[in-house]
Structures are given as C-alpha cells and as structure tokens.
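Novice: Quick one: this structure, given as structure tokens, is what I'll be asking you about.
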Amino acid sequence: MKVIGHKNQIFYFEKVIKEDNFLSAYIFSGQEGVGKLEILKFVLMKYVCASKRGCGECNMCRRFKKITIPDINFILPDKISENLSELYEKGEWSIDNLRTDYFSREMVIGINTIRKIEGELATRPIELKRKFYIFLDADLMNREAQNAFLKILEEPPKFVTYFLITPYPDSLHITIRSRCIEIPFFSLKFEEFKEYFKYTKNIYFLYRFSKGSIGIAKKIIESKLEEEYGNLLRELARNKESEYFVYRKLDREYLKDKIFLLGFFIKEITELKMGRDKILKDHPFRNEIEFLNKRIDPYTLDLLYDKYYKILEGYKRNIPSFTLLYLFDSLRFGVP
Ligand SMILES: [Zn+2]
C-alpha cells in the first residue's frame, strides 16, 4: 500500500503501534480526498500484519484487505450497511472499495447503528488485542446517534478504539470532540502531489483545482470536470445569452459541480488581480481566463462573489434546486 505525504501522522501511529497504546478515540479531520482513510488503512494494516510491516501478503494483511477480521469494524451510512450483502455479491466489499464521500448523498448514521456497537462493547476482542470502530463519515451521525455515541464514549472499555473520519469535525457534538484526539490532515505540498501524478499534464493546474487533494484530483480526472471548467469559461467569455446555465437536471450532484467550478473561477480571477501570474503557467484555458480577467473589474468580481456565496449558502441549507438554478441562470447573460 503506497501512501503519499502525512509523514507526521504516520510517525505518530507507528509509535502507537509499537507500544500498543491506542487511545480510545481519534478524529481524523481534513478536506475530502486528502488521504485520511488511506493513512488509517496503512496504519491498521501494519497493526494487524504478522511482521508488523503491513506487508500486504501475509494471511492477516489479506484478511484485512477483505475486511474479514472481526475486530475491525467499518461504520457506514445506514442505507449502505443495510445493503451490504449486495456489495458482497458484487465482490465490492473490500478495503479498496470503501469510500468517505457519502456526505453529499444525503445519508445518515442513525441511533440503531450506535446501539448495535453498544451491544458489542461487553465482549472482548476475538483475534486482535483491541476492537476498532471506524466511522467513515462520522459527520453523518444525526443528533440522536451523536447523543448515544457520547454515552458510550464516556465509559470506553480499555480494548476499544474509535476512529471518526470527517471533513466536517464541526458537525460533531462539542463534547464528542473534547473526548477525542483530533489528528488534522493538511493538503499535500505541490512536490508530494506531483510525485503521485507523475504522468499527468497541467499538473500545477490540477494541484490548484483539487486544492492539493489526491482524492478530489482523481475525481476531477474521472468526471472530466476540467473540460467542464473550460466550457464554463468559454460561455462566460461569450458575453451573450448562452445555454450553459440553463438547467438540464435538478440534481444535487450536478449543482455541486457547478458551485465548485464557479468558486474556483472566482478564486482564479482574484489571484490574477493580486498579480499571481504563476497560475497561468500550465493553465489549460489560459486564453479564456486572461480574457475574462481583463473584462472583470473589482466591482464585478464583488458581484460575482456575492452571487456565488448566495448559491453556496442556499445549497448548504437545502434550498430547492430550482431556486439555486435560477441564481445560476442569471449568470448566463455573461459576466454582469
Ligand atoms: Zn502482513
């Protein structure tokens, strides 16, 4: 298993493994796709490995990868864990298929999941020295679930360790947070990022576009979001009514992409206004962005930002999609 960056976090857990002194609860925080789950997988595989190296070949490593060690429990959103048998059948139940981006999919970890964990706390670990409960999207716990979790966190058996992975630690109850050790994950440095994507062109652009997150960068490549960004810039540059912002589907994922692109566009223009021409270096849409930068004065940039902020807030507060699309729609007369 290859991991990039996050040397301090790895160093810390290597020491923990050596001395076998896991604490009862950790929060892994940091933006989506930054490598929180990757590092945890790397650390836990070392812990279970017969040689303590995380060889990937020994019986324990192989079972870890297939998620068949009973003391290692991954806590998924209710909807997903209800259909685990489907994942088994499709052969998709493995460590490599775990994801941590259910947040946008309106999923929940409810109280029954926490009660189930509570019921298991009386029994000691079966194979390992401790039991692990790993919440892949801890922020999905609803209020009831968080209250119940807080109770079991108050009197943790010595042999239990929780890992709460989340890009949104603020959505966890303050008392939960105070009982956990928070391990923050920061965006990768450009050098580290480059090491991973050796053969990709426009690598500096991709680094900025994904905020230094390998997970997001992979998604950008898969979903061709870069091309979509080009479309957005070309439409904005056309200075007349276009079809780009006319909504095609009332889908939250679709909206999320649009908001992401608009936010990145505003960031780029702001950077150029501040004289950071370095961003043009390997920019795939250099002509368009330079043209738009000339046309947008600081006042217009303000208006754009205002609109972006309204859309973003509306999205977070679950305002109906068509209202947000109406706001987007008003952009289609070119940049104001
Ligand atoms: Zn091994």
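Novice: If each of Leu150 and Ile174 carries a label point 7 Å out from its Cα toward its Cβ, how far apart are those two points in nm?
Specialist: 1.1 nm
Novice: Same structure, new question: In degrees from 0 to 90, rounded to the nearest 10, what is the angle of the helix 225-237 Cα long axis to the longest principal axis of the chain?
Specialist: 20 degrees
Novice: On full extension of the chain, what length is gained from Asn21 through Asn83, given 0.36 nm per residue of separation minus the C-alpha to C-alpha distance? Kindly include the intermediate steps, with their values, before the conclusion.
Specialist: Working: separation 62, 0.36 × 62 = 22.32 nm, distance 3.45 nm.
Working it through step by step, the gained length comes to 18.9 nm.
Novice: Further question on the same structure: Need the full-extension length gain, Phe11 to Tyr199, defined as separation in residues times 0.36 nm minus the C-alpha distance. One decimal, nm. Numbers along the way, then the final one.
Specialist: Values: separation 188, 0.36 × 188 = 67.68 nm, distance 2.87 nm.
Result for the pair: 64.8 nm of gain on full extension.
Novice: Here is a follow-up. Find the relative contact order for the chain and round it to a whole percent, using C-alpha pairs within less than 8 Å whose residues are 6+ positions apart. Numbers along the way, then the final one.
Specialist: Working: 425 pairs, mean separation 66.5, N = 336.
Computed over the chain, the figure is 20 percent.
Novice: Calculate how steeply helix 7-19 sits against the longest principal axis of the alpha-carbon atoms of the chain, using the helix alpha-carbon long axis, and give the answer as 0 to 90 degrees to the nearest 10.
Specialist: 10 degrees
Novice: Where does the longest stretch of the chain lie that holds no GluC sites (Glu not before Pro) found in a DSSP loop with 14 or fewer other Cβ atoms within 10 Å?
Specialist: 128-240
Novice: Additional query: Which angle from 0 to 90°, rounded to the nearest 10, does the C-alpha axis of helix 286-295 make with the longest principal axis of the chain?
Specialist: 60 degrees
Novice: Explain nothing, just the number: dipole magnitude of the chain about its Cα centre with +1 on each Lys and Arg Cβ and -1 on each Asp and Glu Cβ, in debye rounded to the nearest 20.
Specialist: On the way: 58 positive and 49 negative charges, 153 e Å.
Using only the charged Cβ atoms, the result is roughly 740 debye.
Novice: What is the spin-label model distance, in nm, from Lys273 to Cys58 if the labels are put 7 Å beyond Cα along the C-beta direction?
Specialist: 5.8 nm
Novice: Please compute the modelled spin-label separation between Glu290 and Thr323, points set 7 Å along Cα→Cβ, answer in nm with one decimal.
Specialist: 4.2 nm
Values quoted throughout were computed directly from the atomic coordinates according to the rules given, and no laboratory measurement underlies them. Here the structure is a predicted model, which is why all the values come from computation and not from measurement. So basically every Cβ, Gly included, is an ideal-geometry build from the backbone, and we count neighbours across all protein chains shown.
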